[in-house]
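Notes for the one structure printed next.
The values are calculated or read from the model by the stated rules, or taken from the named source; none is laboratory data. Values in this document were obtained by computation on a predicted structure and should not be read as measured data. Here the Cβ positions follow ideal geometry from the backbone for every residue, glycine too, while neighbour counts run over all protein chains shown.
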């Protein structure tokens, strides 16, 4: 049944192959010789298979676990340096026809406030996001062909790209909406989206169908094959994710790596990002009803093992996680985080009244974007608001080839410093600006090409003088 080159969901995500892989990992979790072989292969930084990664995840040997964490941290540094890309979610609508058992947007929930942003409200929300300093958004919407048709999503994207407020502009719009057709993906591509994001929730077909008892999302095959259709529609960058806590974490960890392998083999380029959300409390949803929760320690190990298995793929952790948890996984592979997030429909321009709660889940990290940016810089990370690769056409296999060759650093690090400088000049508090200017001065030494360094210094001076949007 298992065929990484198949276009059929139940063949490239083979239940039998996952079970065999989990059994193999269980038998070999203390096999020091095998684990050493896997780590030796992983140090080549070309990735490892889902089965090899499952062995590392199950490993109980403490000294080997420390090697796993150290290797994950080194791979993160080698490919992504100390840059952390910033973004914010924007919820357009929580109207939904699905019956997902873990989401408060489910159609049976009669007491959540149902909302849909008008274009005028989107202008207010995006202006507020720009005033925070954001340049990259992830659009979220429930599945509802009446309230949230593709035409509505496309209109929202056009509105967002057209909003210019002071020095603010949204330069990349990523989209997280329900699985759809090749034709609709082509429309999203033509609208200029960055990454198309879709969480699988769980790769266990039987559990998936029970968790999605009604609505279009019940169709496991259609949902799981969505990324293939998105790429057929011309979208270069796609983002995978599972919702840890719904199903056995070992199963879904293996499944998402198999999905990444399938995209790499069948479409020629793996996922642009992998997200690792965990189930959180929300209106009408009790996480205690699900008995698959994972500890912070296991969550960190999942992040480390994914980073080792797919070294080139960006990894995202949102404000679902606490500051303490986010701090730990930043070292182990995370390259993108959200900041100052709202998970309600609206709420950036004006706080949402408590009686009109429309949030999808509770946020654990409630700090402002300025606080998050300062926190990152105090740990010697460079918060990046860069969108240059997308705007210069460095997407899909072009982005991956630059990343794999190590050449992307010649673009990414200078661009990160320049977009950070924009943030510091336009939006940062005095304390954050002071820390940031010192960090930029120090990080200039990372640029080894003297011509590039001189150009960056010139651009930084121009930004200080009021000019904007320089990029390599």
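Name the one entry in 370, 397, 454 that is free of Cβ contacts under 8 Å to residues at least 60 places away in the same chain and in a helix (DSSP H, G or I).
454
If a residue must be over 24 Å from residue 227 (Cβ atoms) and in a strand (DSSP E or B), how many such residues does region 134-181 contain?
So the answer is 4.
I'm trying to understand the selection: among the residues of region 1-24, which are surrounded by 16 or more Cβ atoms within 10 Å (Cβ to Cβ) and over 27 Å from the mean Cα position of the chain (by Cα)?
Scanning region 1-24 gives 2, 24.
Can you name the residue in region 232-247 that is over 18 Å from the mean Cα position of the chain (by Cα) and at pLDDT 95 or above and, of all such residues, is farthest from residue 9 (Cα to Cα)?
234
Do we find a residue being surrounded by fewer than 23 Cβ atoms within 10 Å (Cβ to Cβ), assigned by TED's automatic domain parsing to the domain that holds residue 314, under 19 Å from residue 101 (Cβ atoms) and modelled with pLDDT of 95 or more anywhere in region 263-273?
For region 263-273, residues surrounded by fewer than 23 Cβ atoms within 10 Å (Cβ to Cβ), assigned by TED's automatic domain parsing to the domain that holds residue 314, under 19 Å from residue 101 (Cβ atoms) and modelled with pLDDT of 95 or more: absent.
Conditions: (1) within 23 Å of residue 391 (Cβ to Cβ); (2) in contact with a helix residue (DSSP H, G or I) (Cβ under 6 Å, 6 or more places away or on another chain); (3) at pLDDT 95 or above. Residue 429 meets all but one. Number of the miss?
Of (1) within 23 Å of residue 391 (Cβ to Cβ); (2) in contact with a helix residue (DSSP H, G or I) (Cβ under 6 Å, 6 or more places away or on another chain); (3) at pLDDT 95 or above, only one is false for residue 429: (1).
When you scan region 139-150, do you find a residue that is closer than 21 Å to residue 212 by Cβ, surrounded by fewer than 20 Cβ atoms within 10 Å (Cβ to Cβ), over 23 Å from the mean Cα position of the chain (by Cα) and at pLDDT below 95, even just one?
Checked against the condition, which is being closer than 21 Å to residue 212 by Cβ, surrounded by fewer than 20 Cβ atoms within 10 Å (Cβ to Cβ), over 23 Å from the mean Cα position of the chain (by Cα) and at pLDDT below 95, region 139-150 yields no hits at all.
Which condition number in (1) assigned to a loop (DSSP other than H, G, I, E, B); (2) buried (at least 22 other Cβ atoms within 10 Å of the Cβ); (3) modelled with pLDDT of 95 or more is the one that residue 105 fails?
(3)
Need the failing condition index for residue 350 against (1) in a loop (DSSP other than H, G, I, E, B); (2) buried (at least 22 other Cβ atoms within 10 Å of the Cβ), just the number.
Exception for residue 350: condition (2).
Take region 432-452 and flag every residue that is surrounded by 14 or more Cβ atoms within 10 Å (Cβ to Cβ) and modelled with pLDDT under 95.
446, 447, 452
Take region 157-186 and flag every residue that is within 21 Å of residue 385 (Cβ to Cβ) and in contact with a strand residue (DSSP E or B) (Cβ under 6 Å, 6 or more places away or on another chain).
Matches in region 157-186: 157, 160, 170, 172, 173, 174, 175, 176.
Could you run through region 210-242 and say how many residues are surrounded by fewer than 24 Cβ atoms within 10 Å (Cβ to Cβ), over 20 Å from residue 181 (Cα atoms) and either without any contact (Cβ under 8 Å) to a residue 24 or more places away in the chain or in contact with a strand residue (DSSP E or B) (Cβ under 7 Å, 6 or more places away or on another chain) (or both)?
Matching residues across region 210-242 total 1.
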